[in-house]
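Only the coordinates and a few stated rules stand behind these numbers; no lab work does. Predicted, not measured: the structure shown is a model, and the values here were computed from it.
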Amino acid sequence: MDSTSPSRRSLLKGAAVAATAAALGPLTAGPARAASYPTTHWIPASPSNYTVSSRPTSYAIDRVVIHVTQEYFQDARHIFEDPARQVSPHYMLASADGYVAQFVREKDIAWHAGNWSYNTRSIGIEHEGWVDDPSWFTDVMYRQSAQLTAALCTRYGIPKDRTHIIGHSEVPGTDHTDPGPYWDWTTYMAYVRSAV
Ligand SMILES: [Zn+2]
């Protein structure tokens with residue numbers, strides 16, 4: 001029997017890769033590390049509240065926009081389902097348990113940024129709460145949202161930095177203040193970068 005049979009070689013190669021990864025440690029595994037989506041629940045927005053598209057073919061996706069609802073989860077949900085409201089995010093998270101609902105497919109253009117260019121190039125994520133009350137910003141919601149954002153960064157090749165992961169208040173021309181001064185960007189970005 002040939003001691004360098006394909007199966008034997010692949011075992012040795014696999015062991016070498018594992019040893020290298022162990023030596024480098026998780027923080028130096030590199031930008032190619034993939035993050036998986038958290039469990040999401042489909043609650044469709046009214047078709048009157050977004051634009052059907054075929055992203056990333058029709059428009060490249062290079063931003064994640066972070067929002068705070070200024071509404072309870074169920075009230076915000078009913079707004080996104082109401083064809084008269086003309087607003088939608090792609091995702092919304094609940095404060096208490098980090099539940100993730102999806103309202104608009106990522107290929108479609110949700111109406112959340114108040115800026116057409118930013119709507120076309122971004123994924124919008126709403127978070128249940130109010131900008132003046134940090135008690136809404138729970139650790140479980142930060143972690144679940146960061147897992148989602150990290151998965152989006154993996155899927156679309158978006159850098160995990162504050163140039164590409166922004167608050168609604170940072171969208172050009174907006175008069176919105178969310179997510180506000182109590183949103184913990186340091187913690188959030190650390191969770192985004194460490195998500196697997
Ligand atoms: Zn907003």
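So the values come out like this:
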| item | result |
| --- | --- |
| Stokes-Einstein diffusion coefficient of the range 104-196, Kirkwood radius over Cα pairs, 20 °C, 1.002 mPa s, in µm²/s | 155 |
| Antiparallel DSSP beta bridges within the range 40-194, percent to nearest 5 | 30 |
| Size of the range 23-138 as Cα extents on the principal axes (Å, biggest first) | 56, 39, 24 |
| For the range 67-80, Karplus couplings with θ = phi - 60° (6.51, -1.76, 1.60), whole Hz, Gly/Pro x | 10, 10, 5, 6, 8, 5, 3, 5, 5, 5, 4, 5, 5, 5 |
| Using θ = phi - 60° and Karplus 6.51 cos²θ - 1.76 cosθ + 1.60, couplings along the range 44-59 (whole Hz; Gly, Pro as x) | x, 5, 4, x, 7, 10, 7, 10, 5, 8, 9, 5, x, 5, 6, 9 |
| Spherically averaged projected area in nm², based on the convex hull that wraps the Cα atoms of the range 38-106 | 5.0 |
| Glu71 long-range amide H proximity, modeled H, under 5 Å | Gly129 |
| Whole-Hz ³J(HN,Hα) from phi, Karplus 6.51 cos²θ - 1.76 cosθ + 1.60, for the range 90-104, glycine and proline x | 6, 9, 9, 10, 8, 5, 5, 10, x, 3, 10, 9, 10, 10, 9 |
